[in-house]
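Asks: Let me begin by handing over the structure; questions about it come next.
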């Protein structure tokens, strides 16, 4: 007797159709259920393996986004998070935009009255996510809408809605929504991004979320800033690269594969969708810096960075105060922009060791002086020299005195020498890497702001910007300025004058 695997009667077909429809409207209760739901009803098999250390899988992001609004049973110990923000840093062709569209659809289907907005780095980028969304609706989900899907927005019968916003502060301001997805953050106007931060509000059943999605193209762009700030804000970063989304390698000899130097066998454990041959082609087309930034998510391209030769693996190392070496300090003055002090020693081989930093905004000179004295491991008399910005000699119209004079009154003697910015930059570059390829600069991990500045201090993007001067952005230039003042003064000792009486 032959056993049939499919329903044969109209009743069986109707029953199977009802079950299928019911499953499509059943909220996934676990991560595995969510993966299966997206695979069955949207036709997307979301990769769920993290291959590289400290990376996430795309499925980790999707589950975070969906589960933040888990229905809480009465008397449950589960507490919904205060916010569901997330940073998604992934490679080109890593499925970021499509996956965010899936998250948007799930929000609208399973979270009644959820208001979602899509904000792209360009109108084209925002429209691309929305087009993914409307394409998913064609998989038998059209009946969930309250009307036809329009060009830039659609509404659902359960009160949820999606709308595409334009890249302008006017478009963003006035929005009071639950979910905001910012795609290609690296391309955002900073004023628009600042306005977007105030748009999300939680409701009783839906947790507010702002998701920031991008590849990191530049070491000083918006994406770098939000990734750096994320640990301090408690915001999770979901990072994946080519190895989390490449197809499983089953029939290739590693020794003959062009990807081997980067892959090291990772693709053998992968379960993604990117074709290996396509990845090989893209690697051959790209520069090494572009490949590492766009596909490996190692570090962004540094073509516009002032100290492109700075390498954390070479120049960052634990280094402490050595009582056998002279101790120097270098200051850059600021109030709204940060005041910076660096503690520096140079050994007999000429190795410059930056052992500590102090960076603070909106404090007076007396506060800075107290902190400098407290952090200095020797008495003021034992400090070899304290170098500063020559502008510190200028008299303030309000106080009637200068920063240099105030410091001297507080027991800190400083000296300065006028120089050009490019002269100081060249001296710093020489220690980062000399013409012979040697490095004579070490920075302690304690100096986080200086380390960030060494990697992000950059030239203006505008081709009309005058000269060769780096951008004074008020963030990265101040630690670099303090370092410049050290080199300018250290390499040009104060002249000693002999007088006869």
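Asks: Please work out which residue is farthest from the chain's Cα centre (by Cα), limiting yourself to the stretch 104-124 and to residues that are part of a helix (DSSP H, G or I) and buried (at least 22 other Cβ atoms within 10 Å of the Cβ). Break it down stepwise before answering.
Replies: Our first condition is that a residue be part of a helix (DSSP H, G or I); within the stretch 104-124, this holds for 104-110, 123-124.
Next, from what is left, pick out any that are buried (at least 22 other Cβ atoms within 10 Å of the Cβ): 104-108.
Values: 104: 22, 105: 26, 106: 26, 107: 25, 108: 28 Å.
Of everything passing the filter in the stretch 104-124, 108 is farthest from the chain's Cα centre (by Cα).
Asks: If you don't mind, another one. When only residues in the stretch 440-463 that are modelled with pLDDT under 95 and in a loop (DSSP other than H, G, I, E, B) count, which is nearest to the chain's Cα centre (by Cα)?
Replies: The qualifying residue nearest to the chain's Cα centre (by Cα) is 457.
Asks: Can you spot a residue in the stretch 27-34 that is modelled with pLDDT under 95 and buried (at least 22 other Cβ atoms within 10 Å of the Cβ)?
Replies: No, there is no match, as no residue in the stretch 27-34 is modelled with pLDDT under 95 and buried (at least 22 other Cβ atoms within 10 Å of the Cβ).
Asks: Out of 449, 418, 433, report the one residue that is surrounded by fewer than 16 Cβ atoms within 10 Å (Cβ to Cβ) and assigned by TED's automatic domain parsing to the domain that holds residue 375. I'd like the intermediate steps shown before the answer.
Replies: Details: 449 fails: surrounded by fewer than 16 Cβ atoms within 10 Å (Cβ to Cβ); 433 fails: surrounded by fewer than 16 Cβ atoms within 10 Å (Cβ to Cβ).
None of the others qualify; the one that does is 418.
Asks: Are any residues in the stretch 380-402 modelled with pLDDT under 90 and either in a helix (DSSP H, G or I) or within 35 Å of the chain's Cα centre (by Cα) (or both), and if so, which ones?
Replies: Within the stretch 380-402, 391, 392, 393 meet the criteria.
Asks: When you go through (1) buried (at least 17 other Cβ atoms within 10 Å of the Cβ); (2) more than 29 Å from residue 322 (Cβ to Cβ); (3) touching a residue at least 60 places away in the same chain (Cβ under 8 Å) one by one for residue 471, which number turns out not to apply?
Replies: (3)
Asks: Which residue out of 425, 475 is at pLDDT below 95 and under 19 Å from the mean Cα position of the chain (by Cα)?
Replies: Just one listed residue meets the conditions, 475.
Asks: Also: Kindly indicate whether any position in the stretch 233-246 is free of Cβ contacts under 8 Å to residues at least 60 places away in the same chain and either assigned to a strand (DSSP E or B) or not assigned by TED's automatic domain parsing to the domain that holds residue 95 (or both).
Replies: Scanning the stretch 233-246 turns up at least one residue that is free of Cβ contacts under 8 Å to residues at least 60 places away in the same chain and either assigned to a strand (DSSP E or B) or not assigned by TED's automatic domain parsing to the domain that holds residue 95 (or both).
Asks: Which residues, counting only those in the stretch 417-439, are part of a helix (DSSP H, G or I), in contact with a helix residue (DSSP H, G or I) (Cβ under 9 Å, 6 or more places away or on another chain) and in contact (Cβ under 8 Å) with a residue 40 or more places away in the chain?
Replies: 421, 423, 424, 425, 427, 428, 431, 432
Asks: Condition first: in contact (Cβ under 8 Å) with a residue 40 or more places away in the chain and in a loop (DSSP other than H, G, I, E, B). Now tell me which residues in the stretch 153-175 satisfy that.
Replies: 158, 159, 160, 166, 167, 175
Asks: Please go through the stretch 326-348 and pick out each residue that is in a loop (DSSP other than H, G, I, E, B) and in contact (Cβ under 8 Å) with a residue 24 or more places away in the chain.
Replies: First pass over the stretch 326-348, keeping only residues in a loop (DSSP other than H, G, I, E, B): 326-327, 333-338, 347-348.
Within the stretch 326-348, 326, 327, 333, 334, 335, 336, 337, 338, 347 qualify.
Yes or no, residue by residue, for (1) surrounded by fewer than 21 Cβ atoms within 10 Å (Cβ to Cβ); (2) farther than 18 Å from residue 302 by Cβ:
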residue: 205; (1), (2): yes, yes
residue: 209; (1), (2): no, yes
residue: 212; (1), (2): no, yes
residue: 221; (1), (2): yes, no
residue: 227; (1), (2): yes, no
residue: 243; (1), (2): no, yes
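Asks: Confirm whether residue 320 is closer than 21 Å to residue 346 by Cα and out of contact with any helix residue (DSSP H, G or I) (no Cβ under 9 Å at 6 or more places or on another chain).
Replies: Criteria met by residue 320.
Asks: Mind checking which helices (runs of 4 or more DSSP H) fall wholly inside the stretch 257-323 and carry at least 2 residues that are over 30 Å from residue 476 (Cβ atoms), outside the structural domain of residue 91 (by TED's automatic domain parsing) and more than 24 Å from the chain's Cα centre (by Cα)?
Replies: Once the helices (runs of 4 or more DSSP H) in the stretch 257-323 are filtered for at least 2 residues that are over 30 Å from residue 476 (Cβ atoms), outside the structural domain of residue 91 (by TED's automatic domain parsing) and more than 24 Å from the chain's Cα centre (by Cα), what remains is 260-263, 276-285.
The values are calculated or read from the model by the stated rules, or taken from the named source; none is laboratory data. Note that the coordinates shown come from a computational prediction; the quantities given were computed from them, not determined experimentally. Note that we place each Cβ from the backbone using ideal geometry, even for glycine, and neighbour counts take in every protein chain shown.
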